[in-house]
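First up is the structure itself, then whatever we jot down about it.
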Amino acid sequence: MTSRPPALFVLFFFFLPFLLFPLAASHNITRILAQFDDFSTFSSLLTQAQLVSDINSRRTITVLAVDNGAVSSASGRPIDELKKILSLHVVLDYYDDEKLHNLRNHTAILTTLFQATGLATGRNGFLNVTNMGNGQIAFGSAVPGSPLVANFVKVLATRPYNISVIQISSVIVPPSISGGATPVAAPSPANATLTPTLAPSEDAPSPTPDAESPSDDAPSSDTPVASPPGLMSPDGSPAGAPSGNSADAPAGDSSAAERVVAGAGVAIAMAFAMLASLQMS
């Protein structure tokens, strides 16, 4: 009888690391971007701006990546400006191809890491994303009067609803950064304007993240949504098509981690109950 409790302890603590292992797994933005040669400069700039750890520590996040050719407008800037610009490209919510093409009211205000730093003034820490029609999704600053200067190009990697890395066509510079070069406005479909009428005004209350919750969305479809005309991925596939590299994206979402914690707690309680019963007998 006395040999059973130690045996149960050994068995329980042998399996405990396997139960808790998913909690230790996390995404790594530099490892994800390393799969794509065209984003080496963007990855390097994230490291220079010391944003990698902030991105990796977030459970639910979307990174708006810019390829080597388009990110040149951000290169060479002072580190404090670079950090503000790049943190504006980190959305504190999960967005993939399907969610972007099904925005409520065709537009949304997105909260970014720049806003979370407390350094953003006014609405400089928010982004405006708008479905322009014909499969085109455009991004720009949420500051009233700001143009939509970048187009959604394609999905690079996703792990619902943990992390999404998508390519946009150009860098978005917060209007609060003086001397910033203004990117060329993204082309719009016929009869559409780049500044949507739904853009917030200065007298409106502070914007909040899009009401669409990650938990309310169904998993992304494997069938790509029609992409913007004329935009192609580097490998020649239609823009907006899901990437085949999602297996190297982060492991597990927050709900799965919570279920693991609950399961581990139940296992611990059952183990101690068995020990108590054996000792009483």
Item to check | Area of PHE114 that stays accessible when all protein chains are in place (1.4 Å probe, Å², to 10) | outcome: 0 Å²
Checklist outcome for this item: Note: segment 108-156 at 20 °C, 1.002 mPa s; Kirkwood Rh on alpha carbon pairs; Stokes-Einstein D in µm²/s works out to 187 µm²/s
Item to check | Area accessible to solvent at ARG159, 1.4 Å probe radius, in Å² | outcome: 60 Å²
Item to check | In Å, descending, principal axis extents of the Cα set of segment 62-154 | outcome: 38, 30, 25
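If R0 is 41 Å, what FRET efficiency do you get for ASN105 and SER57 from their C-beta distance, rounded to 0.05? Could the numbers behind the result be given before it?
On the way: r = 32 Å, r/R0 = 0.77.
Calculated transfer efficiency: 0.85.
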Checklist outcome for this item: Summing +1 per Lys or Arg and -1 per Asp or Glu among the other residues with Cβ less than 15 Å from GLY118's Cβ gives +1
Checklist entry - What is the sum of charges around HIS89, taking Lys and Arg as +1, Asp and Glu as -1, for the other residues whose C-beta is under 13 Å from the C-beta of HIS89? => result 0
Item to check | Total formal charge among the other residues, if their Cβ is under 11 angstrom from that of ASN68, Lys/Arg +1 and Asp/Glu -1 | outcome: -3
Checklist outcome for this item: Sorted by chain and then number, the residues having a modelled amide H within less than 5 Å of the amide H of ILE137, at least 5 places away or on another chain, are MET132, PHE152
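The values are calculated or read from the model by the stated rules, or taken from the named source; none is laboratory data. Keep in mind it's a predicted model, so treat the numbers as computed, not measured. Cβ sites come from the backbone with ideal geometry, for glycine too, and all protein chains shown count toward neighbours. With ligands, DNA and RNA removed, areas are computed over all heavy atoms of the protein, side chains included. Shrake-Rupley method; radii C 1.70, N 1.55, O 1.52, S 1.80 Å.
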